[in-house]
Amino acid sequence: MLIRIVEMHFRTDAREAFLELFHASKEKIRNFPGCQHLDLLNEPADPCHFFTYSYWENETALNRYRDSELFAVTWANTKSGFDQKPRAWSLDKLVSLPS
């Protein structure tokens, strides 16, 4: 399993547009073949600082999504609101303890 974390910071005037876009796209992203989990996280001290946290079957599944029309459209609209360069990590899950 691959975990993908993407850090994004938006202009204040772009925050609500991003949230609308995310809510309109979240089910499509979560149901994309290979996506097993999707979270949107927000830093409490900075309402414009977001992270997406997703689980993918493997790197191939993530790359299929990144090569898709869904990603192209969603990312183009998402990045138009950035006020800082986004950062992303792809991590292998090594250990997970149940709740």
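All of the numbers you see were taken from the coordinates with simple rules; none came from a lab. Keep in mind it's a predicted model, so treat the numbers as computed, not measured. Because the Cβ atoms are built from the backbone with ideal geometry, glycine has one as well, and the counts that use them run over all protein chains shown.
Computed from point charges on the beta carbon alone (+1 for Lys and Arg, -1 for Asp and Glu), the dipole magnitude for the chain about its Cα centre is near 160 Debye.
Ranking Thr52, Ala72, Leu40 by how far each Cα lies toward the positive end of the dipole of the stretch 32-79 (charges on Cβ) leaves Ala72 at the top. Normalised by the number of residues in the chain, the mean separation of alpha-carbon contacts (under 8 Å, six or more apart) gives a relative contact order of 47 percent. Largest first, the extents of the alpha carbon coordinates of the chain on the three principal axes equal 37, 31, 22 Å.
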